[in-house]
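In what follows, a single structure is set out as structure tokens and then discussed.
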Amino acid sequence: MSKIRSRFQNRTFGDAFYAFILLAPYAVIFMLFIAIPIAVAIVLSLTYFNVIEPPRFTGLLNYITLLTQDEIFSRYVLPNTFKYALIIGPGGYILSFLTAWMLAQIQKVPRTIMALALYTPSMVGPVFITVVFRTLFSGDEAGYINALLIRLELIDKPIQFLLSPDYIMDIMIFVSLWSSMGIGFLAMLAGILNINEELYEAAYVDGLKNRFQEIIYITVPSMKPQMLFGAVMAIVNAFNTGWIGVALCGSNPTPGYSGQLIVNHIEDYGFQRYEMGYAAAVSVALLLMVTVFSKIAHKLFTEKD
Amino acid sequence: MAYHGTKINPTRFSLSQLKFYIILVPLSLFMLLPIVYIINQAFKPLDELFAFPPRFFVRNPTLKNFQELFRTASSTGVPMSRYLLNSILVTLGTMALTLLIVVTSGYALSKKKFKAKKTLLNINQMALMFVPVSVMIPRYLVVVNLGLDNNFLAHIVPMLATPGLASDLTGCRH
């Protein structure tokens, strides 16, 4: 339909001109703060740069060091990042989808209220999350979680939750899952609600038996764009929320490197040791990782036709 | 017919919805707990804050913490009101400019026809995966070179690069 119209009216030139004007602001910002930084990061990653002296070209040395000599990276940072991302990414994603789907099954008013309640944690931001969970998991007996456990007689002296290598990772995962129902969740909720109801009726006439089949055959296939958006957001979020560990325990590196994620590693090298070249190489590695994961998500959720 | 009214977005309550309420209501309450907790915490007097055993809800609510906040703000060198104003200005500025930029580009990408559209959409899709922290060093260099450091705009302009929002308007609404 639209093809026919454009052939008749032949407005392609006018459209291109207006599109250029409309896109220009976004394009400029995009170039300045996304495209150029990525390019600079790639160039810097090939140098030794300590901020004071001008960068010195060292070829692939940073990458070789990263892969072969950085023991902290290979022993703690990489396994931590994968563990964290694999739990937070798919976990947060499935949680978002299931809650969005359940919310779609109830009436409008309670749904809106509960969607707001579920969305709030992802809105509050880093400072709030830090304050709340540092008081909740506080290491003395006035800390709420410790007091609760003592009262239930599960433990007899308070646990240093945020300073002990045994707990920090689990707490990070808990906090991230708590705040994971963000924009992806809202997109999925909107997606489920926008599905044509006749599809369900038709499917039941054709022999659909239960709600599980309903999800597999109708709901998910009908909202692939939102599913993809949610998946990519979940992946980005999983790699992006590295600040939680450092914010919770208040130091970088985290105790015994147990909560050290790749983002903290970049901060550690870039802003504490001022080895910008090396930090840039780690950044490029991170970008590559996120790209690979997102490619997998695209493969899974884009239309085959 | 096998179809027994298990509709998405129902208009009336039926007993079949009960199971969803049983899961969703506790979940929502649980998600809100930390927020309720911190609000209660703000109204607790000092002895309740460090009391053992700690209580979830405040017993004797007081506004002392808030008075304290504004008193230290006016009597010491911490200009709390200035921080508040800064935050509001940055938020409003970012919001207005983001809306302007995202709406114009989203409109162009979804409604207009031009040759590079497919490529631009693909670039934007790629940029969705962009992790800002990973390039914060070069970003900082860009900010300095634009002369935006020591400037309000340093808080606003980099935040405008939001491929997520742009694709929300275009990619999801094909």
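The values are calculated or read from the model by the stated rules, or taken from the named source; none is laboratory data. This one's a predicted model, so the numbers in the text were calculated from it and none came from an experiment. Counting neighbours? That spans all protein chains shown, and the Cβs are built from the backbone with ideal geometry, glycine included. All accessible areas refer to the heavy atoms of the entire protein, side chains included, with ligands and DNA or RNA removed. Shrake-Rupley method; radii C 1.70, N 1.55, O 1.52, S 1.80 Å.
For this structure, a couple of remarks:
- Restricting the search to helices (runs of 4 or more DSSP H) fully inside the range B:21-123 and requiring at least 3 residues that are over 26 Å from A:ILE145 (Cβ atoms) and either in contact with a strand residue (DSSP E or B) (Cβ under 9 Å, 6 or more places away or on another chain) or modelled with pLDDT of 75 or more (or both) gives B:64-75, B:80-111.
- Residue within the range A:19-32 that is at pLDDT below 85, surrounded by fewer than 15 Cβ atoms within 10 Å (Cβ to Cβ) and among the β-branched types (Val, Ile, Thr) present: yes
- Of the residues making up the range A:40-61, those that are among the small types (Gly, Ala, Ser), more than 8 Å from chain B (Cβ to nearest Cβ) and on the phi < 0 side of the Ramachandran plot number 1.
- Filter result for B:PHE13 (exposed (fewer than 14 other Cβ atoms within 10 Å of the Cβ), at pLDDT 75 or above, more than 16 Å from A:LEU136 (Cβ to Cβ) and among the aromatic types (Phe, Trp, Tyr)): yes
- The range A:182-239, subset without any contact (Cβ under 8 Å) to a residue 12 or more places away in the chain and of a type in the set (Asp, Glu), residue nearest to A:THR99 (Cα to Cα): A:GLU197
- Test for B:LEU33: is it under 28 Å from the mean Cα position of the chain (by Cα), open to solvent by 50 Å² or more (accessible area, probe 1.4 Å) and within 18 Å of A:PHE133 (Cα to Cα): yes
- Considering residues of the range B:74-94 that are within 28 Å of the chain's Cα centre (by Cα) and either β-branched (Val, Ile, Thr) or under 20 Å from A:PHE137 (Cα atoms) (or both) only, the residue surrounded by the fewest Cβ atoms within 10 Å (Cβ to Cβ): B:ILE88
- Residue in the range A:261-280 that is among the hydroxyl-bearing types (Ser, Thr, Tyr), open to solvent by 30 Å² or more (accessible area, probe 1.4 Å) and more than 17 Å from A:VAL40 (Cα to Cα) present: no
- Count of the range A:247-275 residues which are in a helix (DSSP H, G or I) and under 16 Å from A:LYS83 (Cα atoms): 5
- Taken residue by residue, the range A:283-297 has no member that is facing chain B (nearest Cβ under 10 Å), in a loop (DSSP other than H, G, I, E, B) and open to solvent by 30 Å² or more (accessible area, probe 1.4 Å).
- Conditions (1) closer than 30 Å to A:PRO253 by Cβ; (2) free of Cβ contacts under 8 Å to residues at least 24 places away in the same chain: number failed by A:LEU162: (2)
- B:ARG71 passes every criterion in (1) touching a helix residue (DSSP H, G or I) at 6+ places or on another chain (Cβ under 7 Å); (2) open to solvent by 40 Å² or more (accessible area, probe 1.4 Å) apart from (1).
- Subset of the range B:39-63 that is of a type in the set (D, E, K, R) and out of contact with any helix residue (DSSP H, G or I) (no Cβ under 8 Å at 6 or more places or on another chain) - its residue that is surrounded by the most Cβ atoms within 10 Å (Cβ to Cβ): B:GLU48
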